[in-house]
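Note sheet for the following structure.
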Amino acid sequence: MTPTMWLALLRGLGHVSLALLAGGSLFLLMARRTSDPAVVGWSRRWQSQFLGIAVVYLACSAAAILFQASITVEEQLTQLFHNVELLRAYVLDTWHGRTALAGLVTGSTMLFPALLLAFKLGSNGGDQYFLAALSAIATLTAGIGPLSGHAAADEATHWLVPLHVSHLVGMLLWIGGLPLWIAFALWSAQHSASASPAAARLLHGFSILATVFVAVIVVSGLLLTSTFVESIGDLLGTEYGQLICGKVTLLAGVLLIANHLRRCFLPQLFAVHDPGYARAARSVGVEFLLALLILALASVLGQTTPAVHDRPIWPLPFRFSLAATWPAWPTPLVTTIAAVVTVAAIGLFLAARGRRAAWVRAACVFAAAIGLSVIGRELSVQAFPDTYRQSNVAYQTVSIVAGMHNFRKLCADCHGVGGLGDGPLRSSLVRPPANFSEPHTALHTAGDMYWWIGHGIPASGMPSFGDVLNEQARWDTINFLRAFSEGFQARILQPSVVPSRPWLGAPDFYFEDKDGVQRELKDYREHANVLLVFPSRNGADATQRARQLASASETLRSARCDILFVSDKVPDQMGVEVLRDQADEIRTAYDLLSRTIVDRGDGRQLGMGRDRMEFLIDRFGFIRARWIPAEDPGRWTLPETLLSDLRILNDEPQILAFPDNHVH
């Protein structure tokens, strides 16, 4: 076994030990509060086991620290014993090591109440305090672990860590009480306590408490999953997501067993002399085994890279997409009819009664299966291993321009010099090449395009470029295709802001400000809106426009708007932030977003070649308005005309997430 496997095993055993100490103590504490002497006597016989369990936990925790130190400092465990300084540095100088040490120290205090319980050194009342102390210390110890887990490393740690603590503590309290519940149910089946109302109250009470714990586990688990798993691709295509699927499947089995007990066992506890203690114990035994598997998966999850930081590999040849399939007729009609048939079949299945019920239900199952298969077929599209892969290349002007170069060099012969699918080799292909002026957002993911660029599309005649373009070059090409396609959608942009309708992400870029500090457009996020100005290429009006904006700069700045003037034709002393470096690159990228209803381009070039253009970018990174002086000469001539639009933007909350990862 590898050190990582040993570490997962040790942590799993540690969690089981903590569960028995926290949940088991809680169950015995509830037993000690009954008035039945037989129940109290039973609980006193079990409390002696906690000392050995506490020792097991401490041994597992100490060994886990050694294995984690070995993994962290990349030394063999035997070498670590000869270099105590490395071990000391891990334990005392790293947050993970200090957290593990805190858990070990806190856990060691469990020995005191466990020792008193093992040797029965307290009265009945004293034992209750010791049990409460043991459960509380074990719960506190369990809550220390998440302080160095995935939740603690996230930006939203202030609410993720409490969620993780709630999830783990709820799981341990639930799982730890199940063995005691089983043992007490079996004991009750064989002794006179089976007729005791106190025994019935104990089993019923912990069952209700377990329901609360499971509810906490489910709610906190869903919230944690939504943070570390962003898509269905993350869920099914990464090890982290697959482990979560395993946990959910096991938990579904637990919920089925719990629902059976709630309906068939708990209602009879106070009404029947023997409501089936032995059968209930066997059912809860299965529940306990499933719970242990859930705990084992949770231990492995703690050692696994979260899905949002991993590369998903989609395992299926299809995916479901309402956005990609619904607009294509007759999908809406066929899907609606199939859904109605499915719902009707399910309703008839539930309502079937009488001698022919079996035949009716069989027909309903068949009809529902057909309806679901039709819905699945209509709403599915082809998928590839890279379908849900996310770009690791930022959506920046430098990437867009590099991607444009790749397109001209490798793609223009088929897709056309203007990207309209009309290249000279078009007629030689099995299928017409794509027209990138059309929206491909819903039909294809960025991962689909990454796969096609790397592997080609044999059915259409598109060759593979995997040997020509490396990973970054492929994402550069995809960033260009995003900007190019969105440029045609951006034709609807006007010089005035449409309230509450952000959608077009502004490509990021780096620049050096007038103080020589390296900055980027994203630095303005959440602080200020940006007026991005591209004056005439030859500089004919650049100085005049710079003076206009400089005279209004204080007014605009008071309205939370900064000015970035992209030109190498303007002196620095104009009173506005002038961007000289990469000015042509930034202009080329934003030129793709300058198409209008009046002028969509001539189709013989990728860009528009605009001489002047200006963009208003909100403080969340979205282009909200655009001015093309050649089509509307007077609109933004006076910068003060922007004030009403700026008031709209400043009053708006953040509506969409930052556009960085919205690669289509």
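The values are calculated or read from the model by the stated rules, or taken from the named source; none is laboratory data. These numbers come from a predicted model, not from an experiment. Quick reminder, even Gly has a Cβ in these numbers, built from the backbone with ideal geometry, and neighbours come from all protein chains shown.
Brief remarks follow.
- Whichever residue in the range 256-292 is among the charged types (D, E, K, R) and farther than 17 Å from Leu180 by Cα and, among such residues, is surrounded by the fewest Cβ atoms within 10 Å (Cβ to Cβ): Arg263
- Residues in the range 493-530 that are farther than 14 Å from Ala394 by Cβ and of a type in the set (Ser, Thr, Tyr): Ser496, Ser500, Tyr524.
- Which numbered condition Leu235 fails, given (1) more than 28 Å from Val300 (Cα to Cα); (2) buried (at least 19 other Cβ atoms within 10 Å of the Cβ): (1)
- Being free of Cβ contacts under 8 Å to residues at least 60 places away in the same chain, under 20 Å from Ala625 (Cβ atoms) and of a type in the set (Gly, Ala, Ser) is a description that does not apply to Ser594.
- From the options Pro332, Pro315, residue that is closer than 30 Å to Ala151 by Cβ and either assigned to a helix (DSSP H, G or I) or out of contact with any strand residue (DSSP E or B) (no Cβ under 9 Å at 6 or more places or on another chain) (or both): Pro315
- Any pair with Cβ under 6 angstrom, 6 or more apart, that starts in the range 637-661 at a residue that is within 18 Å of Ser553 (Cα to Cα) and in the same structural domain as Ile617 (by TED's automatic domain parsing) and ends at one that is surrounded by 14 or more Cβ atoms within 10 Å (Cβ to Cβ) and charged (D, E, K, R): Leu649/Asp618; Asn650/Arg560
To keep it simple, each residue is scored yes or no on (1) over 15 Å from Ser43 (Cα atoms); (2) assigned to a helix (DSSP H, G or I); (3) in contact with a strand residue (DSSP E or B) (Cβ under 6 Å, 6 or more places away or on another chain); (4) not polar (S, T, N, Q).
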site: Phe184; (1), (2), (3), (4): no, yes, no, yes
site: Trp187; (1), (2), (3), (4): no, yes, no, yes
site: His204; (1), (2), (3), (4): yes, yes, no, yes
site: Ser207; (1), (2), (3), (4): yes, yes, no, no
site: Thr211; (1), (2), (3), (4): yes, yes, no, no
site: Val214; (1), (2), (3), (4): yes, yes, no, yes
site: Val219; (1), (2), (3), (4): yes, yes, no, yes
site: Thr227; (1), (2), (3), (4): yes, yes, no, no
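- Answer residue from the range 414-450, given it is part of a helix (DSSP H, G or I), touching a Phe, Trp or Tyr at 6+ places or on another chain (Cβ under 9 Å) and touching a residue at least 24 places away in the same chain (Cβ under 8 Å) and is nearest to Asp234 (Cα to Cα) among those: Gly447
- Matching entry among Arg560, Arg537 (being in the same structural domain as Phe622 (by TED's automatic domain parsing), at positive phi and surrounded by fewer than 22 Cβ atoms within 10 Å (Cβ to Cβ)): Arg560
- Meets criteria (under 25 Å from the mean Cα position of the chain (by Cα), among the aliphatic types (A, V, I, L, M) and either farther than 19 Å from Arg619 by Cβ or in a loop (DSSP other than H, G, I, E, B) (or both)) for Ile453: no
- Unique match (being modelled with pLDDT under 90 and either crowded, with 16+ Cβ neighbours inside 10 Å or out of contact with any Lys or Arg (no Cβ under 7 Å at 6 or more places or on another chain) (or both)) among Ala189, Ala215, Ala183: Ala189
- Residues that are of a type in the set (A, V, I, L, M, F, W, C), assigned to a helix (DSSP H, G or I) and buried (at least 17 other Cβ atoms within 10 Å of the Cβ), drawn from the range 381-413: Val398, Ile400, Val401, Ala402, Met404, Phe407, Leu410
- Residue check for Phe620: in contact with a helix residue (DSSP H, G or I) (Cβ under 7 Å, 6 or more places away or on another chain) and not in a helix (DSSP H, G or I): no
- Phe511 in contact (Cβ under 8 Å) with a residue 60 or more places away in the chain, in the same structural domain as Asp599 (by TED's automatic domain parsing), closer than 17 Å to Ala589 by Cα and aromatic (Phe, Trp, Tyr): yes
- Filtered residues of the range 495-518 (kept if modelled with pLDDT of 95 or more and closer than 16 Å to Ile563 by Cβ): Ala506, Phe509
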